[in-house]
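Trainee: After the structure tokens below, expect a handful of questions from me.
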Amino acid sequence: MEDKEILQKIYDYLFELYGPQGWWPLLEFDGCNPTKTGSVNGYHPNNYEYPKTKNQCFEICIGAILTQNTSWPSVEKSLKNLRNLIEIKPENIINLDIELLKEAIKPSGYYNQKSERLKGFSKYFIELKNTPTSEELLKLKGVGPETADSMLLYAFKVPSFVIDAYTKRILFNLNLIKNNEKYDKIKELFEENIPKNLEMYQEYHALLVEHAKNYYRKKENYYKCPLLKIIK
């Protein structure tokens, strides 16, 4: 099979198995998680209109920064802590005492670094006039390729495929990439072989994460991955 057919088969199988994921979680939603992993609330399956406001867009962006090197439930705790202190918008993050900010985001880890990055991003966000490019975001302190693509895909509604550690793990196990393949090369694999569609990009990335949580947390489970049979 060619890459295009393989990637479509993977997507179809995962969507049939797990259903729409409703990413990116937002604090204002009380709806239950469509799966058993991740945070409890915040998902909006089959509704791709979000974010609808600048503040929702901003919340997704700072969530993308906070989730670096940690799990989403930890980020959810940090965001709720922040919400208990302020309305989550860039002006309030800038004006919030740095020690209070650090304390609020402690559940996400690396709170000294992340507090500075949140303040820096908040200043950038206020001055933002148009949809940012990947190149612009990557110039910001603490924003790497995965974070930039997460912001573009989920906050700014730009079909830019997100590559994370889970995605790499799955593709390597399926023999679709080499070990330690570069980020841009894996991103290119998706973007050149699946339709450039916002909804599909969002679902595909979220579905890969969900699948990895079920089959790729322990190395001894990798061989149990049902995708190995799907792409034969």
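Trainee: Any residue in segment 40-58 that's over 20 Å from residue 92 (Cα atoms) and in contact (Cβ under 8 Å) with a residue 12 or more places away in the chain: show its pairings with residues that are among the acidic types (Asp, Glu) and surrounded by fewer than 18 Cβ atoms within 10 Å (Cβ to Cβ) at Cβ separation under 9 Å, as long as the two are six or more apart or on different chains.
Mentor: Cβ pairs passing all conditions: 41/30; 42/28; 42/30; 48/199.
Trainee: Within segment 191-206, which residues are open to solvent by 50 Å² or more (accessible area, probe 1.4 Å) and outside any helix (DSSP H, G or I)?
Mentor: Step one: list which residues in segment 191-206 are open to solvent by 50 Å² or more (accessible area, probe 1.4 Å), which gives 191-192, 195-197, 199.
Within segment 191-206, 192, 195, 196, 197 qualify.
Trainee: State the number of residues belonging to segment 77-96 that are open to solvent by 80 Å² or more (accessible area, probe 1.4 Å), without any contact (Cβ under 8 Å) to a residue 12 or more places away in the chain and part of a loop (DSSP other than H, G, I, E, B).
Mentor: 0
Trainee: Within segment 207-222, identify whether any single residue is in a loop (DSSP other than H, G, I, E, B) and either open to solvent by 10 Å² or more (accessible area, probe 1.4 Å) or hydrophobic (A, V, I, L, M, F, W, C) (or both), and answer yes or no.
Mentor: yes
Trainee: Return a yes/no flag: does segment 8-18 have any residue that is open to solvent by 10 Å² or more (accessible area, probe 1.4 Å), at pLDDT 95 or above and either acidic (Asp, Glu) or in the same structural domain as residue 92 (by the TED database) (or both).
Mentor: yes
Trainee: Next question, about the same structure. Name the residues in segment 102-123 that are assigned to a helix (DSSP H, G or I), surrounded by fewer than 18 Cβ atoms within 10 Å (Cβ to Cβ) and in contact (Cβ under 8 Å) with a residue 12 or more places away in the chain, would you?
Mentor: 102, 103, 106, 113, 116, 119, 120, 123
Trainee: On the basis of being of a type in the set (D, E, K, R), at positive phi and open to solvent by 40 Å² or more (accessible area, probe 1.4 Å), does residue 157 make the cut?
Mentor: yes
Trainee: Restricting attention to segment 197-215, does a residue exist that is under 28 Å from residue 46 (Cβ atoms), free of Cβ contacts under 8 Å to residues at least 40 places away in the same chain and not hydroxyl-bearing (Ser, Thr, Tyr)?
Mentor: yes
Trainee: Here's a follow-up. Kindly establish whether residue 170 is free of Cβ contacts under 8 Å to residues at least 60 places away in the same chain, in the same structural domain as residue 12 (by the TED database) and either open to solvent by 50 Å² or more (accessible area, probe 1.4 Å) or part of a helix (DSSP H, G or I) (or both).
Mentor: Considered against the rule, which asks whether it is free of Cβ contacts under 8 Å to residues at least 60 places away in the same chain, in the same structural domain as residue 12 (by the TED database) and either open to solvent by 50 Å² or more (accessible area, probe 1.4 Å) or part of a helix (DSSP H, G or I) (or both), residue 170 comes out as yes.
Trainee: Now for a different question. If I filter segment 124-143 down to residues being touching a residue at least 12 places away in the same chain (Cβ under 8 Å), of a type outside the set (D, E, K, R) and outside any helix (DSSP H, G or I), which single residue comes out as most open to solvent (accessible area, probe 1.4 Å)? If you could, list the steps in order and put the result at the bottom.
Mentor: Filtering segment 124-143 for residues touching a residue at least 12 places away in the same chain (Cβ under 8 Å) gives 124-126, 131-132, 134, 137, 140-143.
Okay, now just the ones that are also of a type outside the set (D, E, K, R), so 124-126, 131-132, 134, 137, 140, 142-143.
Right, trim to outside any helix (DSSP H, G or I) and you get 131-132, 140, 142-143.
Numbers: 131: 80, 132: 7, 140: 37, 142: 23, 143: 13 Å².
Restricting to residues being touching a residue at least 12 places away in the same chain (Cβ under 8 Å), of a type outside the set (D, E, K, R) and outside any helix (DSSP H, G or I), the top hit is 131.
Trainee: Just give me the residues in segment 28-64 being modelled with pLDDT of 85 or more and of a type in the set (Ser, Thr, Tyr), in sequence order.
Mentor: Within segment 28-64, 43, 48, 50, 53 meet the criteria.
The values are calculated or read from the model by the stated rules, or taken from the named source; none is laboratory data. The shown structure was predicted, so the numbers you read here are calculated from the model rather than taken from an experiment. Cβ: placed from backbone, ideal geometry, glycine included. Neighbour counts: every protein chain shown. For the accessible areas, the whole protein counts, side chains as well, though only heavy atoms, and no ligand, DNA or RNA atoms are used. Shrake-Rupley method; radii C 1.70, N 1.55, O 1.52, S 1.80 Å.
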